[in-house]
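Reviewing the structure listed below.
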Amino acid sequence: MAVDPAPLGPHLRLRLFASLREAAGWGERHWPLAAAEAPTPRQLWQALALPGELLTIRVAINQQFASLDTPLQAGDELAFLPPISGG
Amino acid sequence: MSSPSCRRSVVAEVSQALAASAGDRAPLLRIDLCAQPLLPWQQLQRWQLLLLDRGLIAPAESQFIGRVRPLAGDGSPLTRLELEHYPGMTERQLQSLAHAAAVRHGALAVLVQHRVGHLAPGEAIVLVAVAADRRGPAQRCCQELLEALKHDAPFWKREWRQDGSSDWLAGNTPL
């Protein structure tokens, strides 16, 4: 799956995994940010029109679990994680 | 000491350096993700040698080995199991969960080996071992860490069936 080139200006890196990646049709992309813009994962989920229920999804910001309502900053990596099944 | 099939995370190295500088009481953590078949008995033997090398004598030890089931969730024969992870975050989470469990139970050392990639039925997915001063902490820490990594380390399982169809699992099997 090709990754879009990173924009020159402020942006976020977005990641999807497993079933969510396949349902959305992409695994990684960049999201340009306007100056002083600090969207939350919940707002981005809606803006991206991702498939499925947000209730079942956990988010990670910079590879750490985070709240859906954490304001994001330029340079952050945001991942939407479908239900985990390890071990 | 590291197996060629298992990749040791940089996070683990850093943590061990910190643990070593913190004194003898810091738990010894050994965390690896393995892209090739995981052979639990070989890994346990290496771990024993590591403990000996570090002068750790653990009177109690608990181990858990998880293997791929022969049947998919719908009861049909499973041809293979795919395990996806989040490179970087998965290693960091395993390290964090292992450290927290070891400290909470006063364990001396913890080993976690976890597969990624494609596995055949019967292959080992995960090996958790805990060395402690007594059987209670060893067994409790092992069980708690296993549950923690099943729920809080980013892994995703996909079951592949004989007809070429597959499903991502949306959760864990009951305890």
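The values are calculated or read from the model by the stated rules, or taken from the named source; none is laboratory data. The structure displayed is predicted, hence computed values, not measured ones. So basically every Cβ, Gly included, is an ideal-geometry build from the backbone, and we count neighbours across all protein chains shown.
From the list A:GLY87, A:GLY9, which residue is away from every other protein chain (no Cβ under 14 Å) and not in a strand (DSSP E or B)?
Numbers: A:GLY87 fails: away from every other protein chain (no Cβ under 14 Å).
Exactly one of A:GLY87, A:GLY9 is away from every other protein chain (no Cβ under 14 Å) and not in a strand (DSSP E or B), namely A:GLY9.
Collect the residues in segment B:59-72 that are within 18 Å of B:HIS118 (Cβ to Cβ) and surrounded by 14 or more Cβ atoms within 10 Å (Cβ to Cβ), keeping them in residue-number order. If you could, list the steps in order and put the result at the bottom.
To start, the set of residues in segment B:59-72 that are within 18 Å of B:HIS118 (Cβ to Cβ) comprises B:66-72.
Within segment B:59-72, B:GLY66, B:ARG67, B:VAL68, B:ARG69, B:ALA72 meet the criteria.
Determine which member of the set A:ALA74, A:ALA35 is part of a loop (DSSP other than H, G, I, E, B), away from every other protein chain (no Cβ under 14 Å), touching a residue at least 12 places away in the same chain (Cβ under 8 Å) and loosely packed, with under 13 Cβ neighbours inside 10 Å.
Values: A:ALA74 fails: loosely packed, with under 13 Cβ neighbours inside 10 Å.
Going through A:ALA74, A:ALA35 in turn, just one is part of a loop (DSSP other than H, G, I, E, B), away from every other protein chain (no Cβ under 14 Å), touching a residue at least 12 places away in the same chain (Cβ under 8 Å) and loosely packed, with under 13 Cβ neighbours inside 10 Å: A:ALA35.
Considering only residues in segment B:30-46 that are over 13 Å from the mean Cα position of the chain (by Cα) and more than 22 Å from B:GLU84 (Cβ to Cβ), the one that is surrounded by the most Cβ atoms within 10 Å (Cβ to Cβ) turns out to be B:ARG46.
A search for C-beta distances below 6 Å between a residue of segment B:131-155 that is more than 21 Å from B:GLN48 (Cβ to Cβ) and within 12 Å of chain A (Cβ to nearest Cβ) and any residue that is surrounded by 19 or more Cβ atoms within 10 Å (Cβ to Cβ) and of a type in the set (Phe, Trp, Tyr), counting only pairs 6+ apart in sequence or on different chains, returns B:PRO154/B:TYR86. Can you name the residue in segment B:161-170 that is out of contact with any helix residue (DSSP H, G or I) (no Cβ under 7 Å at 6 or more places or on another chain) and within 14 Å of chain A (Cβ to nearest Cβ) and is also farthest from B:GLN45 (Cα to Cα) among such residues? Residue satisfying both the conditions and the ranking: B:SER165. Within segment A:1-32, the set of residues being basic (Lys, Arg), touching a residue at least 24 places away in the same chain (Cβ under 8 Å) and either touching a Cys at 6+ places or on another chain (Cβ under 6 Å) or under 25 Å from B:ASP167 (Cα atoms) (or both) comprises A:ARG15, A:ARG29. Per the conditions (1) at pLDDT below 95; (2) within 7 Å of chain A (Cβ to nearest Cβ), the sole criterion not satisfied by B:THR173 is (2). Restricting segment B:73-111 to residues that are surrounded by fewer than 16 Cβ atoms within 10 Å (Cβ to Cβ) and of a type in the set (D, E, K, R), the residue that is modelled with the highest pLDDT is B:ARG104.
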